[in-house]
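Here is the structure we will look at.
The values are calculated or read from the model by the stated rules, or taken from the named source; none is laboratory data. Just so you know, these numbers come straight off a predicted model, no measurement behind them. Positions of Cβ are backbone-derived with ideal geometry, glycine not excepted, and every protein chain shown enters the neighbour counts.
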Amino acid sequence: MSGADISVGIDCPAWETALPEAESLAERAAAAALAAITPRLPAGRPVEIGIQLSDDTLVRGLNRDWRGKDEATNVLSFAALDDEGEPEVAEAPLLLGDIILAFETCAAEAASEGKSLADHLGHLVVHGMLHLAGYDHQDDADAAEMEASETVILAGLGIADPYAIAEGGR
């Protein structure tokens, strides 16, 4: 990969209040995931990724409009590589896509699952990045592959396996 532009925007002040390092954590998680997914991407092109740390209101609207689900969710990924009708310019950066996270849902999940908001943010950014590269969890085999990739990337970031069950297994 010849370069990456990871842009993190914060339009929900609660992210910075609860997690002052949210922007740098999101960038770090995205960079780690990008290093892992690089073999799946066209070689030699710089990559652009947008990450928006937002709120439940925005994510609920996007989820309703794009997925037909009128509810907030923790993270949404919009993969630009899914736009097959778009022309590609070889010299232009590869627009990988956008990831949007909802603060209230993410914070509530982290609290209910007994993990730090920082670790949950890292996990959801990695999860979103894998979606941008074409991973999904529509069936058990795909879910297992995606979870295994997430676990390896997160371990490199010092984040515990989010899929591990307290009793020592999956």
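A few comments on the model shown:
- Scanning segment 36-76 for residues that are outside any loop (DSSP other than H, G, I, E, B) and under 23 Å from A92 (Cβ atoms) returns I37, T38, P39, R40, V47, E48, I49, G50, I51, Q52.
- For segment 22-33, a residue qualifies if it is within 16 Å of D98 (Cβ to Cβ), touching a Leu at 6+ places or on another chain (Cβ under 8 Å) and in contact (Cβ under 8 Å) with a residue 40 or more places away in the chain, and the qualifying residues are A26, A29, A33.
- Contacts under 6 angstrom Cβ, first residue in segment 54-70 being without any contact (Cβ under 8 Å) to a residue 24 or more places away in the chain and surrounded by fewer than 18 Cβ atoms within 10 Å (Cβ to Cβ), partner assigned to a loop (DSSP other than H, G, I, E, B) and of a type outside the set (A, V, I, L, M), 6 or more apart: R64/D70
- Residue match in segment 97-110 (condition: modelled with pLDDT of 95 or more, part of a helix (DSSP H, G or I) and among the polar types (S, T, N, Q)): yes
- From the list G128, G97, the lone residue that is small (G, A, S), closer than 18 Å to A32 by Cβ and in contact with a Phe, Trp or Tyr (Cβ under 6 Å, 6 or more places away or on another chain) is G97.
- Top-ranked residue in segment 24-51 [being among the basic types (K, R) and at pLDDT below 95; ranked as surrounded by the most Cβ atoms within 10 Å (Cβ to Cβ)]: R45
- Hits in segment 80-94 - residues which are closer than 21 Å to R28 by Cβ and either of a type in the set (A, V, I, L, M) or modelled with pLDDT of 95 or more (or both): L94
- Residue pairs meeting the criteria (Cβ under 9 Å; at least 6 apart or on separate chains; first more than 10 Å from D55 (Cα to Cα), in segment 10-21; second modelled with pLDDT under 95 and polar (S, T, N, Q)): none
- Selected residue (criterion: farthest from E16 (Cα to Cα)) from residues of segment 118-148 that are in contact (Cβ under 8 Å) with a residue 40 or more places away in the chain and surrounded by fewer than 19 Cβ atoms within 10 Å (Cβ to Cβ): G134
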